[in-house]
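Here, each number is a calculation from the coordinates, and none is a lab measurement. Note that this is a predicted model, so its numbers are computed, not measured. Glycine also receives a Cβ, built like all others from the backbone with ideal geometry; neighbour counts cover every protein chain displayed.
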């Protein structure tokens, strides 16, 4: 049994997890029907999916509320992940945020509670414009000591981190060696964590959950060109600064040509393998030995079932090699900074 299987088994999580950001609707994802949420959650559990990933900031807490409602009667079969803002990581406010998440979810424990982003100046500014918080932010020491206390109190079962780089993991581990997982963006066109973060996590027994597995639909093949992508979903460094139409802040040129060359390859290979582009993209992520669980959003039961079929895909070695080679062009353009929303020289992850 490899390290990946050991980590996943120790946490009790499935290889595929449900990203719940869209649950509760909101400005980013638009309307999300609660009946569809409940259908997705129950169908997932019936098919062996255990992990459901949400956060306090998702849709002003409504993601947690919708997930909690859907889990009524089946809570014990789910592994619920939620997250707290670094701007709320003071001892008192972190406890208050945890209690709010527990109320939203309608549960008395959270399986894994994560620091949503590292505690640093740009990370804090992303979550708040409060001058006092920016001037005197929480410390890593108090945040992880508080998480450890929440675990001791039975409020959370595991301590996690999200979007943490190697140096930030070292700092957190120095306070709290009991960190179970790190959630980070990883997919065919977002490969920055391969260089240092995945090896560090493997050496330190930290499971890696991949977020953005389908890059918000790009790697499901639903867009023909970068111009087809909604502006608010095209604000990462993958796309040119102007593509975000005022929502981008990275100031870079993107890698649009290389990305859609990669998507074209995925379409060809998926057709040859008689699977969908999304299934191929998910299978590629799951083929990496450092990924314990791939998070995928599913807006309805049909999408869920299609995504779950990726678990049965036996990705041929030559197909993976072709994807690796072509997507390397994207990696070369974007570099090894895994913060895809700030400039590559001034990211929040280090």
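General observations
- Listed residues 289, 316, 86, most fluctuating in the chain (Gaussian network, C-alpha, under 10 Å): 316
- Counting DSSP beta bridges with both ends in the chain, the antiparallel % (nearest 5): 5
- Using a cutoff of 8 angstrom between alpha carbon atoms and counting only pairs six or more residues apart, the relative contact order for the range 197-349 works out to 28 percent.
- Extension gain from residue 332 to residue 240, taking 0.36 nm per residue of separation minus the Cα-Cα distance: 31.6 nm
- Length-normalised contact order of the range 30-155 in % [C-alpha pairs under 8 Å, at least 6 apart]: 25
- Of all the options 38, 196, 183, the one that moves most in a Gaussian network model of the chain with Cα springs shorter than 10 angstrom is 196.
- Prolate/oblate/rounded label for the range 279-350 (Cα gyration tensor, a/c 1.5): oblate
- Taking the centroid of alpha carbons for each part, the range 332-350 and the range 105-182 are 21 Å apart.
- Calculated mean residue ellipticity, 222 nm, the chain: -12500 deg cm²/dmol, from DSSP H runs (n ≥ 4) at -39500 (n - 2.57) each, averaged per residue and rounded to 500.
- Percentage relative contact order, the chain, counting C-alpha pairs under 8 Å, at least six apart: 19
- Shape of the range 95-152, Cα gyration tensor, a/c cut at 1.5: prolate
- Here is the P(r) of the range 70-198: all C-alpha pair distances, binned every 10 Å from 0, give 12, 42, 33, 13, 0 in whole percents.
- Distance between the C-alpha centres of the range 243-271 and the range 12-82: 28 Å, rounded to the whole angstrom.
- Least to most buried among 58, 223 (fewest other Cβ within 10 Å first): 223, 58
- GNM result for the chain, Cα springs below 10 Å: residue of 248, 281, 332 fluctuating most strongly: 332
- Percent of beta bridges antiparallel (DSSP, the range 111-228, rounded to nearest 5): 5
- The chain shape via C-alpha gyration tensor axes, a/c threshold 1.5: rounded
- Residue-span extension gain [residue 153 to residue 128] - 0.36 nm each, minus C-alpha spacing: 6.2 nm
- Considering every alpha-carbon pair of the range 220-350, the percent of pairs per 5 Å bin, from zero through the bin containing the longest distance, is 2, 10, 17, 19, 21, 18, 10, 3, 0.
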